Every structure is written in structure tokens, then in C-alpha cells.
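Step one of this worksheet: look at the structure below.
The values are calculated or read from the model by the stated rules, or taken from the named source; none is laboratory data. Everything quoted here is computed from the prediction, not taken from an experiment. FYI the Cβ positions are ideal-geometry reconstructions off the backbone, even for glycines, and counts take in every protein chain you see. Protein only, heavy atoms only, side chains kept; ligands, DNA and RNA dropped before computing areas. Shrake-Rupley method; radii C 1.70, N 1.55, O 1.52, S 1.80 Å.
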Amino acid sequence: MRIDLHTHSSVSDGTDAPAELVRKAVAVGLDVVALTDHDTFDGLDEAVAEGERLGLHVVRGMELSCSRHGNSVHVLAYGADPASPELAAEMARVRDGRLGRLAGVLRKLAVLGVPVSEAEVMAQVGDSPSVGRPHIADALIKAGHVRDRQEAFDRFLADGGPAHVHRYTIEVDRAIDLMHEAGGLAVIAHPWGRGRERLLPPSVLEALARDHGLDGIEVDHQDHDPDSRRRLRALADRLGLLATGSSDYHGTGKLDHDLGCNTTDPQVFTNMQRYLGGY
Ligand code: AMP
Ligand code: ZN
Ligand code: FE
Ligand code: FE
């Protein structure tokens, strides 16, 4: 059993349509894949339908943009009901915040000498309801200002970078509560990726587990070095948390994140399924 629990389609900032992503998951020999687009459930029906057609188990997921003390934290929801009103309302607020920050980012990019227009960005966004920095990066590539998404982040768009603008996100503890209200499981994505260990030390993860019933942490992720993975796995064991592994696949939008490059232990997935109900 090969299980990949964190992927993105073109419904957010990945480059494959949901059905295409599912076909690729079959082609690389995965048995289970979760689609976890940023702040939207819109791709799930298409992915699940294609999974049913091809005999691949598609888990209904979503990656919510959260924060702790003003810093970005991502939380994965599995099996949350898209119709749950409070969660849906928060997700709409987060998506509005994505659109709301765009003009500010574009002003900064113009001042930095790499102008792109809102129309150029929206051409990259396409039908996605979730306007992301990777779409702005794609517009910068198209305009010839940078070679790839990574250069756009490194020079301009990364958290704290010269063209970074804050947007509305939801506090991590409230996000976990809303996911639970929606009948879902809450798993912190790449908790120690990109310097987040200072933000989410073991004591904080322990408090989220104790006070909010956090269900799991993503352990095997490309942004974690072997030592971080080892210590996160030990922490998950000690706290009784699910330890997941996944690719965070974005199609051609992210290098070194091939589908199935990290996977989740089948026993861990079996434990998760007890709580996933019909999903
Ligand atoms: P946004 O949703 O607009 O906050 O952008 C988040 C997306 O950008 C996620 O797919 C991240 O993986 C990607 N991202 C965030 N920071 C970086 C970075 N420093 N380098 C490359 N990609 C990044
Ligand atoms: Zn993304
Ligand atoms: Fe993430
Ligand atoms: Fe992700």
C-alpha cells in the first residue's frame, strides 16, 4: 500500500487538474491519494469521481492557511464536511484575504522594478478560487522577470521578503476546532519546515494535542531533514499523534516534490480511517 496524503491541483496552486493528478497517482503506483488544495474543497468531487473510475482511493482533504503569533502555519483537514457553516465561512474569509493582498504585492513588485498587472496574474490563476503567490510567481516568469517559482520566492515573495504582504489567516487552535466541528481530522502540515521549529516547538504541539485534540503531524515531508523527521516521529509517538508522510505535490510548480516521494505508513492510515467515516 502506497499512500500520499498531501497534494495540490490547479484548483489551487498545483499545475494538474484534479482528474489528471489522480491519473498520475495511479501511474506512479499509489493506492491512496489525498487532494489537499489550499483553502478550498472545489477539486474534490472531480478527483473522487476519477478515483472511483480507476480504482484509486481518494481522500477528501484541504490545507488551511493558519497562523500563530502572526506567522504562517498550514493545517491539513481530512474528511471535513464542506457544508459545515463555520469552517466554510472561515475558508471564504481566507480566500478573500488572498485576493485582497494582491494589489499590495503588485505595487511592491512594481517599485522593485519587476511589474506585472493584475490581469497577468489572473491569467495564471485561471478558474482557481484560491489566488496564491505561486500564481504571482508564474506571472513573473511569463513576463521574463524570473526563471522559475523558486527564484520568485527567493527574491521577492517568501514570507518576510521584499514583496510579501500579510493576508488574513485563521488562528491554528481555532482552525483545529472548526475542522473537528466539521467531522474532520486535523494534521499540522510540515510543522518544522522553513524554520518553523521555533514557532511550533514540542511544547506547543503538545498543547495543541492536549487542549484542542490535534490529530496528527506531517513527519515525512521534503522540507524536513532526517534529524527533524526522527525527532517529530518520536514526538508523535509520545503524544499519540498520527505521523503522516506525503509529497506536497504541486505538479511542475514545485521541484523535488514528485507524487509519492514520501508516503504514510499503512498502519497509520488504517488508524485514520476509523475516524474518516464515509470519506
Ligand atoms: P500562499 O498560498 O499564497 O501563501 O503561497 C503558499 C504557497 O507558496 C505554497 O505552495 C508554498 O509551498 C509556496 N511557498 C511558500 N513559501 C515558499 C518559499 N520560500 N519557496 C518556495 N515556495 C514557497
Ligand atoms: Zn501550494
Ligand atoms: Fe503547506
Ligand atoms: Fe501544501
- Message: Normalised radius of gyration for segment 229-279, please: alpha carbon Rg relative to 2.2 N^0.38 Å, two decimal places.
- Response: 1.35
- Message: I want to verify the translational diffusion coefficient of segment 132-212 in µm²/s; compute it with Stokes-Einstein, Rh as the Kirkwood radius over Cα pairs, at 10 °C and 1.306 mPa s.
- Response: 105
- Item | Sequence-distant residues sharing a close amide H with Asp13 (under 5 Å, placed H) | His38
- Task: Could you sort 222-232, 165-175 so that the peptide with the highest average Cβ count within 10 Å comes first and the rest follow in order?
- Result: 165-175, 222-232
- Message: Sort 239-245, 106-112 by packing, meaning the average of other beta carbons within 10 Å per residue, with the highest value first.
- Response: 239-245, 106-112
- Message: Sorting check: for 42-49, 11-18, which peptide has the highest mean count of neighbouring beta carbons within 10 Å, and how do the rest follow?
- Response: 11-18, 42-49
- When averaged across all projection directions, what area in nm² does the alpha-carbon convex hull of segment 102-157 cover? 3.3
- Mind checking the per residue accessible area of the chain for me, 1.4 Å probe, whole number of Å²? 42
- Query: At 20 °C and 1.002 mPa s, what whole-number value in µm²/s does Stokes-Einstein give for the translational diffusion of the chain, with Rh from the Kirkwood sum over Cα pairs?
  - Reply: 114
- Query: Using a Förster distance of 22 Å, how high is the FRET efficiency between Asp227 and Asn271, based on the Cβ-Cβ distance and rounded to 0.05?
  - Reply: 0.30
- Taking all protein chains as present, what is the carbon and sulfur share of the accessible area of the chain, in % to the nearest whole number, probe 1.4 Å? 49
- the chain: angle of helix 18-27 to the longest principal axis, Cα-based, in degrees nearest 10: 60
- Task: Enter the angle in degrees (range 0 to 90, nearest 10) between the Cα long axis of helix 44-54 and the first principal axis of the Cα atoms of the chain, meaning the one along which they spread out most.
- Result: 60
- Query: Percent relative contact order of the chain, based on C-alpha pairs within less than 8 angstrom and at least six residues apart?
  - Reply: 23
- Cα-based helix-to-principal-axis angle, 226-239 vs the chain, degrees rounded to 10: 50
